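What follows is a short report on a single structure.
Each value in this text was obtained by applying a stated rule to the coordinates, not by laboratory testing. What you see is a predicted model; the values in this text were computed from it and never measured. As a convention, Cβ positions derive from the backbone with ideal geometry for all residues, glycine included, and neighbour counts pool all protein chains shown.
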Amino acid sequence: MMRRAGLLACLLAGPVAAQDVRPVPRPVPVDTAPVDPVTQEGGGASVIVLPPDDDTMRPVARGSVAATLSGDAIRPVARPFSRPDLAFGAQTRPIMRAEQNLFAFSPNALARSMRPLSRPVAIETAAKERQIARLRGQICGDPGIQGTVVGRVNGPGACGIEAAVKVRSVAGVTLSPRATIDCRTAAALKTWVTRGVLPAVGNEGGGVSSLRVVAHYACRSRNNRPGARLSEHSFGRAIDIAGIRLRDGSEMTLLTDWDSADDGPQLRQMWRAACGPFGTVLGPESDRFHRDHFHFDTARYRSGSYCR
């Protein structure tokens, strides 16, 4: 009995399944011929009509005429206008009026926009005077090095400077007292202040105000020892710095702060930054003669900078 019921179900299911077989849509070949819409004039606007037999939806190029139509609908399309100031390559792209709001602005927009007020004449005059004074005070061909030209300095024996300058400040930092050196040493000092001193101090105490100079040009032997070779100070190629004064009146000194937790790391950062701009860099750890100051000179060695 069960077998007859199953056979009957199979015979009934066959016709039903056959009725579900429907034709499957197949892709329509894309007509490679360009769309040739007809343009008509009417009512002050352009009307574009697609051929009536073109009822297949196909992708169209963005910005083309066909892109403004949906199927075989007929819609008025605004006239294009040209913007000479929006040229792409050698041709100017026509922009539909619907896009005009992307670029257009009111003729009075500039007249109504907020403008900064003109600077007072007194401020501009003071700025020009400072600029002129800075240019007038520059030496070594660098406005960042301020001072006076000394010229040739004659000294006993081999001592002396061929073209000496008396440096008042470098990179806006005053030298106290002013240092008589040559331009090569002045340029190295400016590089050191810019790359080493100013970044190391930052805004602490209001920033760097001045450098305390304890030696510059002097005809003497190295470390003032009798019979020693002449120091680079004898040729205007060396300068000694003992402290960095800040704008709040405080001072970092190598004698008291080299090993301190507060200023020690900054002084060591300055020492490392000097190795490169200067040929010789000596600090408190080099020997007993330099425990209270930096010695910098522009002597050159084949092996590179000597830093201790």
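So the values come out like this:
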| item | result |
| --- | --- |
| Distant-in-sequence amide H partners of Y217 (H built 1.01 Å from N, under 5 Å) | T180 |
| Over the range 232-308, volume per residue of the alpha carbon convex hull, in Å³ | 99 Å³ |
| 5 angstrom amide H check on R247, placed H, neighbours 5+ away | G207, S209 |
| P(r) weight above 18 Å for the range 128-237, C-alpha pairs, percent | 54 percent |
| Full-extension gain in nm, D287 to S305, via 0.36 nm per residue minus C-alpha separation | 4.7 nm |
| Spin-label pair A126/C219, simplified geometry with 7 Å Cα→Cβ offset, distance in nm | 4.7 nm |
